Amino acid sequence: MKRFERFNEIIFESYCMKSVLNAIKKERNRKDARGEVEQSLSTLTDAILYALSTEDDEMIQAEKPHQIFCVHGGNIPIYDPKLSCALSHLMPADREIVLLYFFRELTDEKIAPLVHMSRPTVSRRRKAATRRLRELMEDTS
C-alpha cells in the first residue's frame with residue numbers, strides 16, 4: 001500500500017508543478033502582450049498626442065451645472081435644465097429605460113434583462129416615456 005501512496009504523491013506533485021509553471025507562463029505572456037500594446041509618451045507623435053487631448057468645450061461642459069442620474073452603477077450627467085427637469089418627473093423605471101436607450105445607446109433587447117422586463121414591455125414603456133417626456137418639455141417651454 002505504501003508504494004501506491006508514494007506513486008499518488010509523485011503524480012500529484014508533478015501535476016502541481018505543471019500547474020504552477022503554466023500559471024507563471026500565462027502571466028509572463030499577459031505582461032508581454034500588455035507591453036506590446038502600451039507605448040511610452042516619448043514615442044508618441046504629435047498627431048496622436050493631439051488626438052488624446054481634451055477639447056475646451058469638454059472642459060467647459062464639465063464645469064456647467066448639471067443633474068446626474070444614476071443608472072445601473074453608472075452616472076449620466078444631463079446638462080440641459082429643461083431635459084433634466086422633465087426626466088425627473090418620469091417614473092423611475094421609465095426614466096431608467098429612457099436613459100439607457102438614448103444615453104447609453106443600448107437596444108431594447110439589452111435593456112430588458114437589466115430592468116427585469118420582457119423586450120416588448122421595455123419597448124412599450126420607452127415609447128410611452130418618450131411621449132410623456134416630449135409633453136413635459138413642451139409644457140416647460
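In table form, for the structure just shown:
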item: Residues that are without any contact (Cβ under 8 Å) to a residue 40 or more places away in the chain, surrounded by 16 or more Cβ atoms within 10 Å (Cβ to Cβ) and aliphatic (A, V, I, L, M), drawn from region 117-138; result: M117, V122, A129
item: The lone exception for R34 - which of (1) assigned to a helix (DSSP H, G or I); (2) over 23 Å from the mean Cα position of the chain (by Cα); (3) at pLDDT 65 or above it fails; result: (2)
item: Members of region 71-83 found to be closer than 11 Å to L133 by Cβ and not basic (K, R), listed by number; result: L83
item: Every pair of residues 6+ apart whose Cβ atoms lie under 6 Å, when the first sits in region 102-116 and is in the same structural domain as C70 (by the TED database) and part of a loop (DSSP other than H, G, I, E, B) while the second is surrounded by 13 or more Cβ atoms within 10 Å (Cβ to Cβ) and among the aliphatic types (A, V, I, L, M); result: F103/I76; L106/L100
item: Flag for E13 being over 25 Å from L136 (Cα atoms), at pLDDT 90 or above and of a type in the set (D, E); result: yes
item: Pairs with Cβ under 6 Å, 6+ apart, first in region 72-86 and in the same structural domain as A112 (by the TED database), second loosely packed, with under 14 Cβ neighbours inside 10 Å; result: N75/I68; P77/I68; Y79/K64; K82/T140
item: Pairs where the first residue, in region 10-28, is touching a residue at least 60 places away in the same chain (Cβ under 8 Å) and part of a helix (DSSP H, G or I) and the second is among the acidic types (D, E) and surrounded by 10 or more Cβ atoms within 10 Å (Cβ to Cβ), C-beta under 9 Å, 6+ apart; result: none
item: Failed item in (1) outside any helix (DSSP H, G or I); (2) at negative phi, with S88 passing the rest; result: (1)
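The values are calculated or read from the model by the stated rules, or taken from the named source; none is laboratory data. Nothing here was measured: the structure is a model prediction, and the numbers come from that model. Reconstructed Cβ throughout: ideal geometry from the backbone, glycine too, with neighbour counts over all protein chains shown.
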